[in-house]
Number of protein chains: 2
Amino acid sequence: MRDQDGFITAFAPASIGNVAVGFDMLGLAISGAGDRVSARRSDADGVHISAVYGIDGKPHPELSGDARQNTASVAAAALWEQYGDGGLELQVRKGVPLQSGMGSSAASAVAGVVAANALLEQPLETAALMEFALAGESLASGGMHADNVAPSLLGGLVLCPPALMPDVIKLDVPTGICSVLLHPELSVNTAESRRGLANNISYEQWLTQQGYLAGFIAACRMNDHALLKRCLHDVIIEPQRAASVSCFAAVRDASLAAGALGCSLSGSGPSIFALCEEAAAAPIAAAMEAACRASEIDCQLWISPMTANGAHVESA
Amino acid sequence: MRDQDGFITAFAPASIGNVAVGFDMLGLAISGAGDRVSARRSDADGVHISAVYGIDGKPHPELSGDARQNTASVAAAALWEQYGDGGLELQVRKGVPLQSGMGSSAASAVAGVVAANALLEQPLETAALMEFALAGESLASGGMHADNVAPSLLGGLVLCPPALMPDVIKLDVPTGICSVLLHPELSVNTAESRRGLANNISYEQWLTQQGYLAGFIAACRMNDHALLKRCLHDVIIEPQRAASVSCFAAVRDASLAAGALGCSLSGSGPSIFALCEEAAAAPIAAAMEAACRASEIDCQLWISPMTANGAHVESA
């Protein structure tokens with residue numbers, strides 16, 4: 001698995017946080033976009049970063065190589081300080097846009113800890129890496145939210161209610177359902193976005209949203225696409241955040257008109273996701289892209305099965 | 001199926017509303033307690049009640065025979081007016097205590113509609129009876145709440161979020177788990193109990209409770225008893241209602257000390273339920289009964305598998 005320089009490389013996918021129905025407790029892995037972290041033992045003390053590259057292979061214009069300031073190295077160090085010995089050198093290749101609502105910081109944290117784990121004489125099981133990845137993620141989010149870390153580590157659709165942490169639950173997914181994820185060239189700051197939320201909700205909002213989440217989980221289990229469509233709504237968070245993403249309404253309307261089962265913000269945005277039946281994914285993606293570009297905003301898209309893989313070590 | 005007087009009799013079980021985690025959207029059928037409604041065609045116009053008996057076989061001391069005031073006849077009439085012809089005579093035998101939090105009005109409504117349905121030339125399928133049973137239940141609850149009607153009709157554990165009505169979802173249940181239901185000789189008025197609830201909740205309350213409901217559904221599906229125990233809590237409604245049931249804290253503490261996975265009010269109380277592993281059900285029931293009687297309150301108990309049957313026509 002090591003390359004010619006002795007590096008082991010781990011890939012961790014981007015992810016859709018909240019998935020409309022499960023604010024702060026549901027996440028879905030995607031395929032095609034993710035971060036890579038390469039790790040090798042070093043003679044230096046502790047964990048350090050020797051390079052941070054962007055998706056173009058050039059040094060990343062925004063991220064520093066300070067190991068205390070990157071979720072990849074903070075997560076890797078949390079594991080390494082407990083189980084490793086000697087020094088650890090990391091190189092980070094960011095494939096996930098920053099502040100995109102695509103779980104960028106989580107993907108780095110997960111890739112960092114998976115790469116470091118692969119260097120241990122007795123690597124831990126994947127599920128046991130969660131707490132270290134979360135330690136990295138907390139640098140970015142300021143709290144213990146697993147709705148990006150858990151799907152990035154485990155793949156698929158993961159339930160991770162704060163009240164049940166550190167337990168997370170990999171859910172059944174329906175067959176033949178894809179996500180379409182659109183990243184518009186806008187940025188939203190997650191921490192600021194959280195501060196803007198209301199403090200209270202009504203019983204009606206609570207019961208409506210909780211019913212949709214419970215129904216969504218049941219629909220996924222029963223492979224009931226019609227029920228999934230009825231449930232795929234966010235009546236509490238999306239209305240508060242949608243206005244901060246100027247193209248949201250146009251992209252959502254286009255996705256629904258093209259047959260999407262539902263469409264909402266990914267995490268705190270600006271990325272927008274839709275779920276849809278497999279055969280409709282390409283035309284729905286095209287409709288969403290057209291609507292975004294009609295708003296004069298550049299964008300990238302990814303289509304993924306709901307069964308997308310979690311993090312893994314890549315062959316050299 | 002008809003007895004010597006031409007009656008067909010349907011049984012509909014009592015049920016546990018809310019099941020701690022799912023206020024207004026989750027219900028669990030029990031076995032051993034329920035209402036019976038006997039129906040036969042008559043020469044009179046419309047639907048009428050010729051007798052209402054208590055569990056002792058004597059005329060019921062509180063319920064009148066006015067067909068407009070009994071959920072059994074209102075539900076049966078909703079069906080009969082659409083699909084039946086001629087007159088319909090009903091006899092009601094109440095086995096579920098009134099205002100007990102055990103779905104008494106729902107059991108009557110369901111038994112009424114199932115009995116009337118059995119007299120149709122082309123009876124409807126069970127699931128199609130839901131709307132008529134709900135029409136009966138709305139007489140008692142003043143709204144469309146299915147958390148007792150749905151389990152009484154379908155059996156087992158049923159998810160019925162108001163936002164998804166009239167869809168209801170029969171959930172997977174874990175194996176080897178029982179409910180223990182204790183009815184203390186106290187009464188609580190459901191409508192009054194609802195009016196006493198707060199209007200708003202915090203985000204933290206919402207996310208905690210929603211996480212428990214989602215985790216509970218997953219735990220039932222995965223047959224994970226430890227996770228079920230972690231999730232079986234009501235952090236919003238129970239704290240507001242518990243004080244109205246004087247023996248609640250003592251009964252709950254006794255059930256948990258005896259090994260119950262969780263314990264809360266059934267519906268708006270005063271009945272109290274616990275979920276537990278099968279082998280522990282008898283000692284837990286004994287501990288709950290002892291705690292209730294130590295509070296100088298008389299009580300009845302039922303132990304049921306989570307797979308308890310729904311309503312059905314009885315052989316004569």
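The values are calculated or read from the model by the stated rules, or taken from the named source; none is laboratory data. Predicted, not measured: the structure shown is a model, and the values here were computed from it. Here the Cβ is made from the backbone with ideal geometry for all residues, glycine too, and neighbour counts use every protein chain on show. What goes into the accessible areas is simple: the full protein's heavy atoms, side chains included, and nothing from ligands, DNA or RNA. Shrake-Rupley method; radii C 1.70, N 1.55, O 1.52, S 1.80 Å.
Condition check ((1) over 30 Å from B:Gln210 (Cβ atoms); (2) without any contact (Cβ under 8 Å) to a residue 12 or more places away in the chain) across all residues:
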| site | (1), (2) |
| --- | --- |
| A:Arg68 | yes, yes |
| A:Ala76 | yes, no |
| A:Tyr83 | yes, no |
| A:Gly87 | yes, no |
| A:Lys94 | yes, no |
| A:Pro97 | no, no |
| A:Asn117 | yes, no |
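Here are some residues: A:Ala33, A:Ala10, A:Ala39. Which one is open to solvent by less than 10 Å² (accessible area, probe 1.4 Å), among the small types (Gly, Ala, Ser), touching a residue at least 24 places away in the same chain (Cβ under 8 Å) and over 30 Å from A:Ser264 (Cβ atoms)?
Within the list A:Ala33, A:Ala10, A:Ala39, the selection yields A:Ala39.
Can we say A:Gly259 is farther than 30 Å from A:Val114 by Cβ and assigned to a loop (DSSP other than H, G, I, E, B)?
yes
Can you find, within region B:234-268, the residue that is most open to solvent (accessible area, probe 1.4 Å) among those that are more than 19 Å from B:Ser141 (Cβ to Cβ) and among the hydroxyl-bearing types (Ser, Thr, Tyr)?
The selected residue is B:Ser246.
With respect to B:Gln205, is the statement that it is assigned to a helix (DSSP H, G or I), open to solvent by 20 Å² or more (accessible area, probe 1.4 Å) and closer than 25 Å to B:Gln99 by Cβ true?
Here the answer is no, as B:Gln205 does not meet what is asked.
When the residues of region B:288-316 are narrowed to those that are farther than 19 Å from B:Gly17 by Cα and in a loop (DSSP other than H, G, I, E, B), which ends up least open to solvent (accessible area, probe 1.4 Å)?
Among them, the one singled out is B:Ile297.
Does A:Ala150 meet the test of being more than 14 Å from every other protein chain (Cβ to nearest Cβ) and in contact (Cβ under 8 Å) with a residue 40 or more places away in the chain?
no
Quick check: anything in region A:189-197 modelled with pLDDT under 95, over 20 Å from A:Cys263 (Cβ atoms) and within 8 Å of chain B (Cβ to nearest Cβ)?
Yes, there is a match, as at least one residue in region A:189-197 is modelled with pLDDT under 95, over 20 Å from A:Cys263 (Cβ atoms) and within 8 Å of chain B (Cβ to nearest Cβ).
Please determine whether any residue of region B:269-277 is surrounded by fewer than 24 Cβ atoms within 10 Å (Cβ to Cβ), assigned to a helix (DSSP H, G or I) and of a type in the set (D, E, K, R).
No, that holds for no residue.
Could you please give the count of residues in region A:122-163 that are in contact with a Cys (Cβ under 7 Å, 6 or more places away or on another chain) and outside any strand (DSSP E or B)?
Counting residues in region A:122-163 that are in contact with a Cys (Cβ under 7 Å, 6 or more places away or on another chain) and outside any strand (DSSP E or B) gives 3.
Which condition number does A:Ala127 fail, the rest of (1) of a type in the set (A, V, I, L, M); (2) farther than 30 Å from A:Ser244 by Cβ; (3) over 16 Å from the mean Cα position of the chain (by Cα); (4) open to solvent by less than 10 Å² (accessible area, probe 1.4 Å) being met?
Only one criterion is unmet by A:Ala127, namely (4).
Could you please find all residues in region A:80-116 being within 16 Å of A:Glu185 (Cβ to Cβ) and out of contact with any strand residue (DSSP E or B) (no Cβ under 9 Å at 6 or more places or on another chain)?
The answer is A:Leu98, A:Gln99.
Residues A:Leu207, A:Leu186: which one is at pLDDT below 90 and touching a helix residue (DSSP H, G or I) at 6+ places or on another chain (Cβ under 9 Å)?
Of the residues listed, the single one that is at pLDDT below 90 and touching a helix residue (DSSP H, G or I) at 6+ places or on another chain (Cβ under 9 Å) is A:Leu186.
Kindly indicate whether any position in region B:81-94 is under 28 Å from B:Val19 (Cβ atoms), open to solvent by 10 Å² or more (accessible area, probe 1.4 Å) and among the β-branched types (Val, Ile, Thr).
no
Scan B:Pro174, B:Pro161, B:Pro166, B:Pro151 and give me the residue that is open to solvent by 60 Å² or more (accessible area, probe 1.4 Å) and either touching a helix residue (DSSP H, G or I) at 6+ places or on another chain (Cβ under 9 Å) or modelled with pLDDT of 95 or more (or both).
When all the criteria are applied, what remains is B:Pro166.
So how many residues does region B:212-226 have that are more than 13 Å from A:Arg221 (Cα to Cα) and at the interface with chain A (Cβ under 7 Å from one of its Cβ atoms)?
Final tally of qualifying residues: 3.
Restricted to region A:227-241, and to residues that are within 19 Å of the chain's Cα centre (by Cα) and away from chain B (no Cβ under 11 Å), which residue is farthest from A:Gly176 (Cα to Cα)?
Filtering region A:227-241 for residues that are within 19 Å of the chain's Cα centre (by Cα) and away from chain B (no Cβ under 11 Å), the one farthest from A:Gly176 (Cα to Cα) comes out as A:Arg241.
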